[in-house]
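One structure is given below, encoded as C-alpha cells.
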Amino acid sequence: MNFDISYTWEAMPRLLHGAIVTLELSISALFFSVLLATLLTLIRSTGFRPALAVINGYISYIRGTPLLIQLFLVFYVLPLIGMELSPLAAGIVALSLSSAAFSTEIMRGGLASIPSGQFEAARSLGLSPMVIWLQIILPQMFNLIIPPLVNEFTLVIKSTPLVSVITVVEMMRMAQQMYNANFRPVEVLLGVAIIFFAINFTLSRFARHLESRNASKLA
C-alpha cells in the first residue's frame, strides 16, 4: 500500500476535534499540577519532618512507577473507596499528580537559587510570611524555573495519549478509530505528529518570549 498524503489532510478535521480534548486535558492537568507543586513547595519550606517524609514518599512513588500504572490506579482503585471519576477526570488527576511530583522538585531548585538574604530583609521590614511568599519569593522562583517547567509541560502534553486506554476520546484515540476504519495508520499518525509538534512548538516559543521579557525587565 503506497503512502498517500491526502489521507492525512482528510483526517485533520477529526484529529483537530480530538486535539481540543487533548488541550483541555493538558491545560487542566498543568493548572492543578502547578497548584499542588506550589503547595508542596511551601510545606517543604517549613521543614516539618512528618510532612517532609510524606512528600518524599509521594515523589519517590511517582518517580519509581510508570504513568500508565498510576493512571490505572486512579481509574480503577479510587472507585473502590467511593470516589467515582469519569475517564476524563481520572486522566486529569493522574497527570496532575504525576507532573506535580516533578514540578515541585523543579521549584525546590528554583527556591534554592534565591538568596536567603531576601527572606531576612523581608522579615526585618516586618512583612508577613504570606506577603513575603506571594509578592517576593514565588514571583522570582517562577521566573527562574520557566525553562524546566515548560519542559515538564511538554512532557505532560506528550503523555496525554496514555489516557486513551481508559476510553478518553482524545486525539490519539480518535486516530486509532480512524485508521482502524481506513487502514491508513501511517497517514493518520502523521497528522497526529504534526498537531503535537505544532502545540509543543508554540508552547516553547511562548516560553522563550517570557524568558526574554523577564531578562529585559531584570536588565
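The values are calculated or read from the model by the stated rules, or taken from the named source; none is laboratory data. Note that the structure is predicted; figures quoted are calculated from it, not measured. All Cβ positions, glycine included, derive from the backbone under ideal geometry; neighbour counts span all protein chains shown.
If you go through segment 166-185 and keep only what is under 21 Å from Ile92 (Cβ atoms) and touching a residue at least 60 places away in the same chain (Cβ under 8 Å), you end up with Ile166, Thr167, Val168, Val169, Glu170, Met171, Met172, Arg173, Met174, Ala175. Restricting Phe48, Phe32, Phe3 to residues that are of a type outside the set (A, V, I, L, M), in contact with a Ser or Thr (Cβ under 6 Å, 6 or more places away or on another chain) and more than 17 Å from Gln176 (Cα to Cα) narrows the list to Phe32.
Taken together, Val188, Val163 contain a single residue that is in contact (Cβ under 8 Å) with a residue 24 or more places away in the chain and in contact with a Gly (Cβ under 8 Å, 6 or more places away or on another chain), which is Val163. Of the listed requirements (1) over 25 Å from Leu85 (Cα atoms); (2) touching a residue at least 40 places away in the same chain (Cβ under 8 Å); (3) part of a loop (DSSP other than H, G, I, E, B), Gly126 misses just one: (2). In segment 68-88, the residues that are more than 17 Å from Ser99 (Cβ to Cβ) and modelled with pLDDT under 95 form Cβ pairs under 9 Å with partners that are exposed (fewer than 12 other Cβ atoms within 10 Å of the Cβ) and charged (D, E, K, R), at six or more places apart or across chains, as follows: Leu78/Glu84.
For segment 47-60, give me each residue that is of a type outside the set (Gly, Ala, Ser), assigned to a helix (DSSP H, G or I) and either over 14 Å from Ser96 (Cα atoms) or in contact with a Lys or Arg (Cβ under 8 Å, 6 or more places away or on another chain) (or both). Selection gives Arg49, Pro50, Leu52, Val54, Ile55, Asn56. Evaluated against (1) touching a Leu at 6+ places or on another chain (Cβ under 8 Å); (2) surrounded by fewer than 16 Cβ atoms within 10 Å (Cβ to Cβ), Leu36 falls short on exactly one condition, (2).
Residues of segment 142-162 that are over 23 Å from Ile92 (Cβ atoms) and at pLDDT 90 or above: none at all. Output yes when any residue across segment 199-219 is within 17 Å of the chain's Cα centre (by Cα), assigned to a helix (DSSP H, G or I) and of a type in the set (Gly, Ala, Ser), and no when none is. Checked against the condition, which is being within 17 Å of the chain's Cα centre (by Cα), assigned to a helix (DSSP H, G or I) and of a type in the set (Gly, Ala, Ser), segment 199-219 yields at least one hit.
Specify the residue that is farthest from Gly91 (Cα to Cα); the eligible residues are those in segment 1-29 that are aliphatic (A, V, I, L, M) and under 21 Å from the mean Cα position of the chain (by Cα).
Going residue by residue through segment 1-29, those that are aliphatic (A, V, I, L, M) are 1, 5, 11-12, 15-16, 19-21, 23, 25, 27, 29.
Those still in the list that are under 21 Å from the mean Cα position of the chain (by Cα) too: 16, 19-21, 23, 25, 27, 29.
Numbers: Leu16: 19, Ala19: 15, Ile20: 15, Val21: 11, Leu23: 12, Leu25: 7, Ile27: 12, Ala29: 8 Å.
So, considering only residues that are aliphatic (A, V, I, L, M) and under 21 Å from the mean Cα position of the chain (by Cα), the one farthest from Gly91 (Cα to Cα) is Leu16.
Here Thr202 meets each of (1) more than 19 Å from Ala29 (Cβ to Cβ); (2) surrounded by fewer than 15 Cβ atoms within 10 Å (Cβ to Cβ); (3) at pLDDT 90 or above with one exception, condition (1).
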